[in-house]
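Let me begin by presenting the structure, written as structure tokens, before commenting on it.
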Amino acid sequence: MKEFDQSRLDTLKRWAQDDGAALHPSLEVYEDDVTGYSLRVKPSANEALAPGFCAVACHVAITLSYINALIDGPISRAPQNKEQRPAFPPQFMSSNPPHVIGRFFLVKEYLKEKDSYWWPYISILPQPDRVNTWALPAVWPEDDIECLEETNAHVAVREIQANIKKEYKHARKLLKEVDFPGWQEYTQLLYKWAFCIFTSRSFRPSLILSQETQDHVLGLTPHGTKVDDFSILQPLLDIGNHDPTSQYQWNLEVNDTCQLICNNTYQPGQQVFNNYGLKSNSELLLGYGFILPVTDTLHNDYVHVKSRRPPSTLQKNELQDFLISLRPFSDSSSVAGRSRVFAQQDTRLNSLPGLSRIEPGLIRDLASAVATSAGELAALQHWAQGTEESIPTELHELLERIQQTIGAKVQFDYQRFKSIEIESADNQNQELAVRYRNQYEAVLEAAMDELSRALVPNHLEKLVKGEQ
């Protein structure tokens, strides 16, 4: 690690620890060739760290979020000698949602440089002038975004882009109207930077704040604010990288402090991981700027399918999200997918021919759309809840219609996907997009192959019976 970087990291640790943060004495921050700043057990450690150790602790006093914009400073329970005023004018604070205000507050603190309380943290973040170190797909150059066309990520990027543009234009206009000091410095580049920092590094308050801390924080907000209307940056704690198989928990029982408890064993020199949740590669790409490669023991490749037939718990026009998996949902390597399927308690539906890679919720959704009678749906429900291995005759035609419908959908998406030709990858964004496309394509091909093998016997059986 460069001497300058090490100096900034040492400053960050001293600053954080002065206000209640802590790093396990056997851990260190180092620079990994792939994951950048990371946590690991010191190579010089005498022994492994056993499950149940506290890797990092972060006190609420050093966190940065919308809450700090409300009081223009760090959160404290100590009595204040002066009235706390918001960081921006009343019109700005009342006319923007919490997440936008939080991003503008990060920009404000960045512009203050060493005069900012958070400078030891902000100075270690990817800096705005080094765009390639922080840019998520939503803020990539247009040529790079085009490499994502006809994928789940491309659809989401366009929606996010529109939101970023609208949010920034409205908020900056308000600063200009009230002639806020230095309003010209709040550039679109800095807002995009703040968006990416919060998107890739922040945490949901409901997960990392105790109920007591939540009550204190919400007491600072306007009436009606919900705890997850904004997200929180946690200095030092956000250095941990993602491993979907790592076991962890948050300990929130210590004085306004969030502790990352690791429940895996880590050997000297081994990287220590956080777990960002069971997210697909499309979600990781959009939210964190990376994807996980395929291995024998883990894959993270799923195609998201939207349905316009929502259950009664959804709004009328709200879309429901389902997954198609690279490997069967029952495969132990389908970690994210298996979690969703087991939560739905519909694992039997994945044993239907051709449908092992289709999320059970989508199978049920399609069954409701193509069933010709209530009896068919009742028979499917009865079989799904039972233990009988063979598929009843009365389900054969419904099953074939489900197979044909999802097969046509996957085939259509595949043809559109293949219509996009990427001649070359000219930079790191495009290289990442091509890797994502290759893994995305493999999902569609695996689903088509399995469905075609299931449909061919059905077709031949009908020919033998003279039905076609």
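The values are calculated or read from the model by the stated rules, or taken from the named source; none is laboratory data. Note that this is a predicted model, so its numbers are computed, not measured. With ideal geometry, Cβ positions are generated from the backbone for all residues, glycine too; neighbour counts draw on all protein chains shown. Side chains included, ligands, DNA and RNA excluded: accessible areas come from the protein's heavy atoms. Shrake-Rupley method; radii C 1.70, N 1.55, O 1.52, S 1.80 Å.
Quick notes on this one:
- Residue separation of residue 417 and residue 321 scaled by 0.36 nm, minus their Cα-Cα distance, works out to 32.6 nm of gained length.
- Between residue 184 and residue 227, the simple label model (points 7 Å from Cα in the Cβ direction) yields a spacing of 4.4 nm.
- Among 285, 265, 202 the positive-end extreme of the charge dipole of the stretch 152-295 (Cβ point charges): 285
- Kirkwood Rh in Å, taken over the stretch 29-180 so that all alpha-carbon pairs contribute: 19.0 Å
- Charge-dipole axis of the stretch 387-429 as Lys and Arg at +1 and Asp and Glu at -1 on Cβ define it, positive-most pick from 391, 427, 405: 427
- Using the alpha-carbon positions of the stretch 23-73, Rg (one decimal) and Dmax (whole number) come out as 15.5, 46 Å.
- Size of charge dipole - the stretch 168-245 - debye, nearest 20, with Cβ of Lys, Arg +1 and Asp, Glu -1, no other charges: 400 debye
- Unit charges at the beta carbon, dipole of the chain: most positive-side option, 34, 74, 94: 94
- Panel values: the stretch 88-135, Kirkwood radius from alpha carbon pairs, Stokes-Einstein at 20 °C and 1.002 mPa s, translational diffusion coefficient 179 µm²/s.
- Helix 374-384 vs. the chain, principal-axis angle (Cα, 0 to 90°, nearest 10): 70 degrees
- Within a straight-line Cα-Cα reach of under 15 Å, residue 173 can be paired with the following aspartates and glutamates, leaving aside sequence neighbours fewer than 8 residues apart in one chain: 185.
- Projected label distance in nm at residue 278 and residue 84, using a 7 Å step from Cα toward the beta-carbon: 3.8 nm
- Full-stretch length increase - residue 438, residue 130 - with 0.36 nm per residue and alpha-carbon distance subtracted: 108.1 nm
- Of the GluC sites (Glu not before Pro) found in the stretch 55-118, those that fall in a DSSP loop while having at most 15 other beta-carbon atoms within 10 Å are 83.
- Per residue, the chain exposes 50 Å² of accessible surface when a 1.4 Å probe is rolled over the protein heavy atoms with every protein chain present.
- Spherically averaged projected area of the stretch 179-227 from its Cα convex hull (nm²): 5.2 nm²
- Hull volume in cubic angstrom per residue (convex hull over the Cα atoms of the stretch 119-227): 166 Å³
- Radius 13 Å from Cβ of residue 21, net charge of other residues (Lys, Arg +1; Asp, Glu -1): -2
- Quotient of Cα Rg and 2.2 N^0.38 Å for the stretch 358-461, N being how many residues it contains: 1.40
- Restraint check, 108/192; 169/279; 166/226; 108/169; 13/114, Cα-Cα greater than 19 Å: 169/279; 166/226
- Normalised alpha carbon radius of gyration of the stretch 167-317 [divisor 2.2 N^0.38 Å]: 1.33
- Residue 272 long-range amide H proximity, modeled H, under 5 Å: 39, 40, 41
- Among the trypsin sites (Lys or Arg not before Pro) in the stretch 1-87, those placed in a DSSP loop whose Cβ has at most 12 other Cβ atoms within 10 Å are 2, 77, 82.
- Computed FRET value (nearest 0.05) for residue 177 with residue 271, which takes r as the C-beta separation and R₀ as 56 Å: 0.70
- Expected 222 nm ellipticity per residue - DSSP helices of 4 or more, -39500 (n - 2.57), all of the chain, to 500: -13500 deg cm²/dmol
- Rounded to the nearest 20, the size of the Cβ-charge dipole of the chain about its Cα centre is 1020 debye, with Lys and Arg at +1 and Asp and Glu at -1.
- A simple packing score, the average count of other Cβ atoms within 10 Å per residue, orders the peptides 446-452, 408-414, 135-141 as 135-141, 446-452, 408-414, with the highest score first.
- Share of carbon and sulfur in the accessible heavy-atom surface of the chain [1.4 Å probe, %]: 48 percent
- Here the stretch 256-388 has an Rg and Dmax of 18.2, 62 Å, counting Cα atoms alone.
- Proportion of all alpha-carbon pairs of the stretch 167-248 beyond 14 Å (%): 74 percent
- Stretchable slack from residue 351 to residue 385, in nm (0.36 nm times residue separation minus alpha-carbon distance): 11.0 nm
- In this simple spin-label model, placing a label point 7 Å from the Cα along the Cα-to-Cβ direction at both residue 76 and residue 31 gives a separation of 3.5 nm.
- Hull-based mean projected area of the chain, where the convex hull spans the alpha carbons, in square nanometres: 27.0 nm²
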